[in-house]
1. For chain A, what number results from the quotient of the Cα radius of gyration and 2.2 N^0.38 Å?
2. How many Lys pairs in the stretch B:37-263 lie less than 24 angstrom apart by Cα atoms, where the lysines are 8 or more positions apart or on different chains?
3. Might you report the magnitude of the Cβ-based charge dipole of the stretch B:37-263 about its Cα centre, with Lys and Arg at +1 and Asp and Glu at -1, to the nearest 20 debye?
4. Please average, across the residues of A:400-411, the number of beta carbons from any other chain that are within 10 Å of each residue's own beta carbon, and give a whole number.
5. On average, how many beta carbons from a partner chain sit within 10 Å of the beta carbon of a residue in B:105-112?
6. Could you tell me the largest-minus-smallest coordinate of the C-alpha atoms of the stretch B:37-263 on each of the three principal axes, in descending order and whole angstroms?
7. Give me the lysines in straight-line cross-link reach of A:Lys163: C-alpha distance below 26 Å, same-chain residues under 8 apart excluded.
8. Enter the angle in degrees (range 0 to 90, nearest 10) between the Cα long axis of helix A:46-62 and the first principal axis of the Cα atoms of chain A, meaning the one along which they spread out most.
Amino acid sequence: MSTYQARGRAGWSRRAFGAALLAGGLAVSMPASAVTEIQWWHSMTGANNDRIVSFAERFNKAQSDYKVVPVYKGSYPESMTAAIAAYRAGNAPHIVQVFEIGTATMMAARGAIVPVEKLMKDAGEKFDRSAYVPAVAGYYTTRRGEMLSFPFNSSTTVFFYNKDVLAKAGVAAPPQTWSEVVAAAAKIKASGASACPYTTSWPSWVHMESFSAWHNTLLASEDNGFGGPGARLLVTTPLFERHFGNLARWAKDGLFVYAGRTTEGDAKFFSGECAMFTGSSAVYGNVKRNAKFAFGISKLPYYSDVPGAPQNTIIGGASLWVMGGKKAAEYKGVAKLFTFLSSPEIQAEWHQATGYLPLTIAAYELTKKSGFYEKNPGTDVAVQQMIVKTTDKSRGIRLGNMAQIRDIVHEEMETMLAGKEDARSALANIKRRGDEQLARFQRTARE
Amino acid sequence: MFFYWPAAEALFQSVFIQDPFGASREFVGLENFRELFGDPLYLDSFRITAVFSVAVTAIGLALSLALAYFADRAIRGALLFRTLLIVPYAVAPAIAGVLWMFLFNPTLGIVAHWLGAMGVAWNHVLDGTQAMILVVVAAVWKQISYNFVFFLAGLQSIPKSLIEAAAIDGAGAWRTFRSVIFPLLSPTTFFLLVINVVYAFIETFAIIDAATGGGPAKATEVLVYKVYNDGFKGLDIGSSAAQSVVLIVILLVLTFVQFRYVERRVRY
């Protein structure tokens, strides 16, 4: 479900890219009528798709001026590329769902997009910045505080553990810090409770992006890119070296098993193979459905001697961007839709049904009052991690060519874990190669 | 039209650095190319592509020829064999990649389990050589049916009288194959060689994407996968276009070489 499925890799050719361009052209050229139609391109599948369709239906039924048409456009990279191609052909949809690593690209394309906050104000809709969960909305907000896109579905990195295995290995309390994780891992390994004490999904997201914010340190200069496109990586630091060095050592000792670059770790955990796991909070539903053991969720581990830790973690998922070049009446409809989507009832429903983070504090309070967290222990851990005031270092990551940078992080991590380089040279390579990508991005990005 | 237009477009895009929306675009001349060829990792991608393409083509052709040879000689169950061998062609490349990834999955995969029992620690998630073996196996498997059909047709068009004549002359099965059948099959083999090289170069990215994603490190990142990844996932159109141009040039040269030198040895 949710984040990781829609993030799934997709086999697409350049030919299909062209087809998307054509399809984009066809989809929007509908006959004019009294009802203003609003195209909403998204990447949600299964139950999440059903929920979107249901939201659209309810919105359409509640008023008669606008008709929202949700269109599934394939995986995240697919719908983003399709929207860009459609924009270049002059046929962009009104709303497109873009995954978090596409944020800097969308933001740099001023003119191609309309900031959500401006949209709401122009349309005369009520908009209160302080209503939103800071670490969620902050990711999509400029340094001056203007919210650019609508944070529709967000998850964050949390820690899952197999209670049965921990008990068998004699670990009394679930580990909170990395030193407790490795101590528990050693016990699990030594007792033979599991051959795979710890694994992870999304290594870059967990061990670089969230890791830096959680320790209230910068991943890149210019406040992680929020200050401007001149950002460069700041990963050759003692803290990163310590963590990468630890990962390499734990892997060598068989305490940490590298699963892969995306969601491969999920199945290793819920199949019972690995005892402890870091990954997206949105995996909850899958774990609950598949795990044949008692499991628990707790906050992402950290190094307790680092001042400022734990701060908040980094979100993943996607937000809704409003494309430029549309009529004022259409934007009014989009604004009304966003007002509808951010109402506490809808937000609470979305949060409880999908496992994504609530967008507003009111939705969190409503969910808490309903007793949902007591009935589903652990579902509030992700919210607890996020519901703090963010700092300039922890607001989010706004780096261009982020897809390439993640690849680079994973490549160097794999080289390191295969024993072909040490932590220091892995981080030096990440910095050198990542900075090349950032410099390249900077040349076409305007603030 | 269907070749020249995209090729010209790629050539045009390759001299710019631009944002994905085309809002700001900077003419950079050959800088995209200079950057590529100044990158040791890109140059290494040529080596990986060569290893991958040679392995896929050679193993694919040899295996399907052997299968076709035996299917041609099979008396009972020939139809069943043929049908079963053609099935993989109907499987989408991405599915093929996922299928093999599951078979070789270090913890769940049955093949990985057998290998473990034989004393081979299989972990293609971190072992580059094993990852390469995995994508070669998946790519060969996907293409075998196509080759098989052509080889089988080629074999069936060889007059029985020639083979009988060879038998009367006292030639064994291997000798008959080498001196009579293989030369008569050479047009088919040549055609398949060209097709398979193009296949390995161009059409395998979906398999690689599903099976390894180019990793671990860059162990299975062939040229076409990098084009796809940088252009489609990374939205770096300039660099991706420059890489496409490089790929087109390589393919033109390879095809030229094949027609110029290999075809001489083909007897129609």
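The values are calculated or read from the model by the stated rules, or taken from the named source; none is laboratory data. If you're wondering where the values come from, they're calculated on a predicted model, not measured in any experiment. FYI the Cβ positions are ideal-geometry reconstructions off the backbone, even for glycines, and counts take in every protein chain you see. When the accessible area is computed, the model is the full protein with side chains, heavy atoms only, and any ligands, DNA or RNA have been set aside. Shrake-Rupley method; radii C 1.70, N 1.55, O 1.52, S 1.80 Å.
1. Values: Rg = 21.8 Å, N = 447, 2.2 N^0.38 = 22.4 Å.
Cα-based Rg divided by the globular estimate yields 0.97.
2. On the way: B:Lys142/B:Lys218; B:Lys142/B:Lys226; B:Lys218/B:Lys226; B:Lys218/B:Lys233.
Pairs that pass both the separation and distance tests number 4.
3. Details: 12 positive and 12 negative charges, 118 e Å.
The calculated dipole for the stretch B:37-263 is roughly 560 debye.
4. Details: counts 3, 5, 1, 7, 7, 1, 2, 9, 2, 0, 5, 8.
What the average comes to for A:400-411 is 4.
5. The shielding value for this peptide is 3.
6. Sorted largest first, the three principal extents are 63, 47, 29 Å.
7. Partners within reach: A:Lys187, A:Lys189, A:Lys252, A:Lys268, A:Lys288, A:Lys292, A:Lys299, A:Lys368, A:Lys375.
8. Approximately 30 degrees, to the nearest ten.
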